[in-house]
Amino acid sequence: MTAFELIRALAHDAAIGIVVTDPMIEPPGPIILYANAAFSRLVGRELDEIVGRSPRFMQGKETRRETLDVFHRALAAGERFHSYLANYRGGGTKYRAEIDCRSLRTADGHIENFVSFEREVIRRLGRPAGSASGRYEPTSVSNDALTGVLRALGVFKRA
Ligand SMILES: Cc1cc2nc3c(=O)[nH]c(=O)nc-3n(C[C@H](O)[C@H](O)[C@H](O)COP(=O)(O)O)c2cc1C
């Protein structure tokens with residue numbers, strides 16, 4: 001069983017948005033191969049509008065190019081990308097996504113897929129915090145079984 005097959009088997013009912021792409025970084029890639037129901041709710045589109053496209057369709061005017069360049073370089077280097085991006089729902093409303101994206105490798109180290117864990121965050125009220133993770137908080141907190149497993153894997157935690 002590949003890592004992708006394992007994720008697909010477990011992610012279906014997860015409360016966190018989970019999306020898997022092919023390993024192609026340059027357009028038309030990365031192509032979305034799988035997204036769970038929570039991802040569909042997060043981005044406000046049906047799964048059949050999501051699968052087969054590049055995640056770039058969520059970007060818009062206020063998506064920072066500098067952050068996308070960091071994202072691109074992390075993908076090219078096979079490194080984790082954990083940051084916050086302004087994205088847009090099907091209906092055009094903007095939301096802020098926390099994105100924790102990692103590469104999935106074969107036993108010999110070859111990148112097979114990318115997987116990203118995504119959730120909506122809002123700006124924390126009150127005193128501005130020094131770091132991005134202190135500036136934002138998730139709009140909802142889930143406690144399903146997979147969320148516990150992902151927490152143990154450090155998803156959404158700073159390295
Ligand atoms: C698994 C995965 C999930 C991604 N999810 C998002 C996303 O939710 N929002 C977004 O704006 N970009 C997302 N991206 C990033 C874009 O697909 C693209 O890599 C990014 O725009 C940088 O590349 P570019 O400089 O060629 O545009 C994701 C990429 C991968 C591999």
Flag if Ile32 is under 22 Å from Phe4 (Cα atoms), of a type in the set (A, V, I, L, M, F, W, C) and in contact with a Ser or Thr (Cβ under 7 Å, 6 or more places away or on another chain)
yes
Here is a list of conditions, (1) without any contact (Cβ under 8 Å) to a residue 24 or more places away in the chain; (2) open to solvent by less than 60 Å² (accessible area, probe 1.4 Å); (3) of a type in the set (Gly, Ala, Ser), and Ala107 meets all of them except one; can you say which number that is?
(2)
Of all residues in the stretch 4-59, which are small (Gly, Ala, Ser), open to solvent by 30 Å² or more (accessible area, probe 1.4 Å) and modelled with pLDDT of 95 or more?
Ala37, Gly44, Gly52
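Just for strands (runs of 3 or more DSSP E) wholly inside the stretch 1-98: which have at least 3 residues that are under 23 Å from Tyr136 (Cα atoms)? Walk me through it before giving the result.
Details: elements: 17-21, 32-35, 81-88.
The strands (runs of 3 or more DSSP E) meeting that bar are 17-21, 81-88.
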Only one of Gly17, Gly29, Gly60, Gly52 is on the phi > 0 side of the Ramachandran plot, touching a residue at least 12 places away in the same chain (Cβ under 8 Å) and either of a type in the set (Gly, Ala, Ser) or within 10 Å of the ligand (Cβ to nearest atom) (or both). Can you tell me which?
Gly52
Going by the conditions given, is Met1 hydrophobic (A, V, I, L, M, F, W, C), over 15 Å from the mean Cα position of the chain (by Cα) and surrounded by 13 or more Cβ atoms within 10 Å (Cβ to Cβ)?
no
Filtering the stretch 66-91 down to residues that are of a type in the set (S, T, N, Q) and in contact with a helix residue (DSSP H, G or I) (Cβ under 9 Å, 6 or more places away or on another chain), which residue is nearest to the ligand (Cβ to nearest atom)?
Asn87
Go through the stretch 110-152 and give me each residue that's open to solvent by less than 30 Å² (accessible area, probe 1.4 Å) and in contact with a Pro (Cβ under 7 Å, 6 or more places away or on another chain).
Asn113, Phe114, Val121
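The values are calculated or read from the model by the stated rules, or taken from the named source; none is laboratory data. Remember, it's a predicted structure, so these values are computed and weren't measured experimentally. Don't worry about glycine lacking a Cβ; one is built from the backbone with ideal geometry, like all the others, and counts go over all protein chains shown. Only protein heavy atoms, including side chains, enter the accessible area calculation; ligands, DNA and RNA are left aside. Shrake-Rupley method; radii C 1.70, N 1.55, O 1.52, S 1.80 Å.
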